[in-house]
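None of the figures in this text is laboratory data; all of them are computed from the coordinates on show. What you see is a predicted model, and the numbers here were worked out from it, not measured in a lab.
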Amino acid sequence: MNTRAPLRTFKDLLADEQGASAIEYGMIAGLIVIGLLVGITAFADANDRNYEILENELTT
């Protein structure tokens, strides 16, 4: 039985950088989603104010 094989496999796993790239892409996607949510929320708030103004003008 070769006791060095598991150690070599662990070293190869640590040297592999594909997981790091996936994590980076995931973080970028997360930041994009957060930015979109902030933008949509700001747009919705401004749009809500416009409808309130319009409603007040129509009821008076």
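A few points about this structure:
- If you model the chain as an ellipsoid using its alpha carbon gyration tensor, with each semi-axis the square root of five times an eigenvalue, the axes come out at 58, 8, 4 Å, biggest first.
- In degrees, nearest ten, helix 18-59 long axis to first principal axis of the chain (Cα): 10
- The angle separating the long axis of helix 4-15 from the principal Cα axis of greatest extent in the chain is about 30 degrees.
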